[in-house]
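Asks: Input: one structure, supplied below.
The values are calculated or read from the model by the stated rules, or taken from the named source; none is laboratory data. This one's a predicted model, so the numbers in the text were calculated from it and none came from an experiment. Cβ atoms come from the backbone with ideal geometry, glycine included; neighbour counts cover every protein chain shown.
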Amino acid sequence: MTTAEFDPIDKPTSLERHLADHLDPRLRCLEICAGAGGLALGLERAGFDPVLLLDNRPVACETLRANRPAWDVREIDLVDFDPAEEPKAYDVDLLAGGLPRVKGTAAVNRTRSNDVELGLFRAAIELIYGVQPRAVLFENVPDVVTKDAYAPLRDFVAEELGHLGYKHEWFVCNAADHGVPQDRAEGVLIAFKGDGLDRFRSPERLLDPPITVGMALGESMAAGGWHRAVEWAAQADRLAPTIVGGSWDRGGADLGMTGSKRAWARMGVDGGTIADAVPGPDFHWDPELGREGMMPLTVDQVAVLQGFPDDWKIMGRKTARYRQVGNATPPPLAEALGLSIRAALLAE
């Protein structure tokens with residue numbers, strides 16, 4: 001079996017995406033909690049260049065610098081960042097961040113407190129005072145938008161933004177609608193200074209039907225000479241379940257909680273670990289044998305399912321690489337959101 005036997009995936013296209021690398025004028029953004037750069041990459045494609053990117057994890061900063069040496073990346077906690085010391089951050093076109101995941105209902109009873117994530121969310125809102133961006137884009141779990149438990153947080157956001165003269169909107173969008181082979185709902189906060197929100201239009205759905213796991217990973221599954229890659233890809237005919245990066249504080253890398261692991265098992269994939277390499281020619285695939293008869297995915301394959309390009313380097317050891325990828329904003333979704341924000345800003 002050779003990789004040439006797989007047809008290439010037709011990537012989502014539009015006039016805006018075709019022109020994304022040549023958008024003029026370029027707009028300026030400040031990105032916080034930048035992570036592996038999924039949001040920054042998507043915004044770059046949408047015509048936004050970062051004046052600064054902030055993250056408190058050394059390995060994430062290493063990833064950002066490895067891919068974009070010209071970016072000004074700062075290893076710093078968000079709560080310690082003082083925009084008064086960085087004049088270039090003032091009055092940027094966009095303040096953006098894929099904020100650390102505020103816990104969903106499935107994780108409420110776990111031992112680690114939510115105070116850190118909520119504190120960062122509040123610090124991000126308060127940063128608007130010092131930066132005064134024209135627009136704001138924050139991404140988080142969809143529960144922040146839809147669940148009553150987070151109403152106090154939404155009320156806090158409404159009060160703070162109202163004081164500053166921003167109009168805002170919460171909504172949920174799915175990365176699968178924008179070329180990502182994964183059922184990944186994202187909660188989004190958009191805000192504009194003045195009346196910019198009146199010109200904002202949520203990104204339109206691009207793909208129906210969406211890209212399946214088999215379409216996305218068939219070629220890589222064959223790359224090691226595994227002769228059943230075509231057969232596997234044909235039955236992996238659905239979206240990936242939501243990929244969860246997991247906690248940096250405990251455990252190894254896997255593809256999520258029990259429900260996600262069951263969904264992966266139905267595609268013949270072991271979701272309980274991350275592989276070092278794709279299957280070789282002698283791999284015996286037999287899901288009826290349980291985990292030993294299923295192949296796990298590699299970090300690079302998970303990155304494909306998150307919408308990262310093949311040439312995007314993720315630095316660090318395997319678990320750290322997986323955490324970065326799993327916690328990232330999918331670049332195609334970030335691009336779609338960025339293009340919509342850009343259109344609203346330039347329509348002033």
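Asks: Would you check which residues across region 309-348 are of a type in the set (V, I, T) and either surrounded by fewer than 24 Cβ atoms within 10 Å (Cβ to Cβ) or more than 12 Å from the chain's Cα centre (by Cα) (or both) and list them? Explain how you work it out, then say what you get.
Replies: Kept after step one, since they are of a type in the set (V, I, T), are these residues of region 309-348: 314, 319, 325, 329, 341.
Those that are of a type in the set (V, I, T) and either surrounded by fewer than 24 Cβ atoms within 10 Å (Cβ to Cβ) or more than 12 Å from the chain's Cα centre (by Cα) (or both): I314, T319, I341.
Asks: Which members of region 90-115 meet the condition of being at pLDDT below 95, closer than 17 Å to E31 by Cβ and not in a loop (DSSP other than H, G, I, E, B)?
Replies: G98 - this is the single residue of region 90-115 that is at pLDDT below 95, closer than 17 Å to E31 by Cβ and not in a loop (DSSP other than H, G, I, E, B).
Asks: Quick test of your reading of the structure: D276 fulfils all but one of (1) farther than 30 Å from R317 by Cβ; (2) out of contact with any Gly (no Cβ under 6 Å at 6 or more places or on another chain). Name the failing condition by number.
Replies: Tallying (1) farther than 30 Å from R317 by Cβ; (2) out of contact with any Gly (no Cβ under 6 Å at 6 or more places or on another chain), D276 fails exactly one: (1).
Asks: Tell me, please, whether a residue that is of a type in the set (S, T, Y) and in the same structural domain as A124 (by TED's automatic domain parsing) can be found in region 198-208.
Replies: At the first step, the residues of region 198-208 found to be of a type in the set (S, T, Y) are 202.
In the following step, the residues that additionally are in the same structural domain as A124 (by TED's automatic domain parsing) were identified as 202.
Scanning region 198-208, I find at least one residue that is of a type in the set (S, T, Y) and in the same structural domain as A124 (by TED's automatic domain parsing), so the answer is yes.
Asks: Having 3 or more residues that are in contact (Cβ under 8 Å) with a residue 40 or more places away in the chain is the bar; report the helices (runs of 4 or more DSSP H) wholly within region 119-233 that clear it.
Replies: Values: elements: 143-146, 151-164, 213-222.
Because the criterion is at least 3 residues that are in contact (Cβ under 8 Å) with a residue 40 or more places away in the chain, the helices (runs of 4 or more DSSP H) in region 119-233 that meet it are 143-146, 213-222.
Asks: Shifting gears a bit: Let me spell it out: the conditions are (1) more than 20 Å from A336 (Cα to Cα); (2) in contact (Cβ under 8 Å) with a residue 12 or more places away in the chain, and L239 meets all of them except one. Which number is the exception?
Replies: It fails just one condition, (1).
Asks: A follow-up question, please. Within the bounds of region 280-301, is there any residue that is among the aromatic types (F, W, Y), surrounded by fewer than 16 Cβ atoms within 10 Å (Cβ to Cβ) and outside the structural domain of K193 (by TED's automatic domain parsing)?
Replies: First, pick out the residues of region 280-301 that are among the aromatic types (F, W, Y): 283, 285.
Okay, now just the ones that are also surrounded by fewer than 16 Cβ atoms within 10 Å (Cβ to Cβ), so none.
So far as region 280-301 goes, no, none of its residues is among the aromatic types (F, W, Y), surrounded by fewer than 16 Cβ atoms within 10 Å (Cβ to Cβ) and outside the structural domain of K193 (by TED's automatic domain parsing).
Asks: Identify all residues within region 228-254 that are under 22 Å from the mean Cα position of the chain (by Cα) and over 16 Å from R101 (Cα atoms); write none if there are none.
Replies: Residues of region 228-254 that are under 22 Å from the mean Cα position of the chain (by Cα), as a first pass: 238-254.
Scanning region 228-254 gives R238, L239, A240, P241, G251, G252, A253, D254.
Asks: Can you spot a residue in region 64-74 that is within 16 Å of the chain's Cα centre (by Cα), assigned to a helix (DSSP H, G or I) and surrounded by 20 or more Cβ atoms within 10 Å (Cβ to Cβ)?
Replies: Applying the first criterion (within 16 Å of the chain's Cα centre (by Cα)) to region 64-74 yields 64.
Now restrict to residues that are assigned to a helix (DSSP H, G or I): 64.
Checking the rest, the ones that are also surrounded by 20 or more Cβ atoms within 10 Å (Cβ to Cβ) come to 64.
Yes: region 64-74 contains one or more residues that are within 16 Å of the chain's Cα centre (by Cα), assigned to a helix (DSSP H, G or I) and surrounded by 20 or more Cβ atoms within 10 Å (Cβ to Cβ).
Asks: Tell me which residues, restricted to region 264-295, are part of a loop (DSSP other than H, G, I, E, B), without any contact (Cβ under 8 Å) to a residue 40 or more places away in the chain and closer than 22 Å to A234 by Cβ.
Replies: Looking only at region 264-295, we keep the residues that are part of a loop (DSSP other than H, G, I, E, B), and these are 266-268, 270-274, 276-286, 294.
When the remaining residues are screened for being without any contact (Cβ under 8 Å) to a residue 40 or more places away in the chain, the result is 266, 268, 270-273, 282, 284, 286, 294.
Scanning region 264-295 gives R266, G268, D270, G271, D282, H284, D286, M294.
Asks: Residues to consider are L207, L217; find the one that is modelled with pLDDT under 95, surrounded by 16 or more Cβ atoms within 10 Å (Cβ to Cβ) and out of contact with any strand residue (DSSP E or B) (no Cβ under 8 Å at 6 or more places or on another chain). Can you show your working first?
Replies: Values: L217 fails: modelled with pLDDT under 95.
Result: L207 is the single residue among L207, L217 that is modelled with pLDDT under 95, surrounded by 16 or more Cβ atoms within 10 Å (Cβ to Cβ) and out of contact with any strand residue (DSSP E or B) (no Cβ under 8 Å at 6 or more places or on another chain).
Asks: Criterion first (outside the structural domain of L305 (by TED's automatic domain parsing) and either assigned to a helix (DSSP H, G or I) or surrounded by 19 or more Cβ atoms within 10 Å (Cβ to Cβ) (or both)) does V51 satisfy it? Walk me through it before giving the result.
Replies: Working: outside the structural domain of L305 (by TED's automatic domain parsing): yes; either assigned to a helix (DSSP H, G or I) or surrounded by 19 or more Cβ atoms within 10 Å (Cβ to Cβ) (or both): no.
Against the criterion (outside the structural domain of L305 (by TED's automatic domain parsing) and either assigned to a helix (DSSP H, G or I) or surrounded by 19 or more Cβ atoms within 10 Å (Cβ to Cβ) (or both)), V51 does not qualify.
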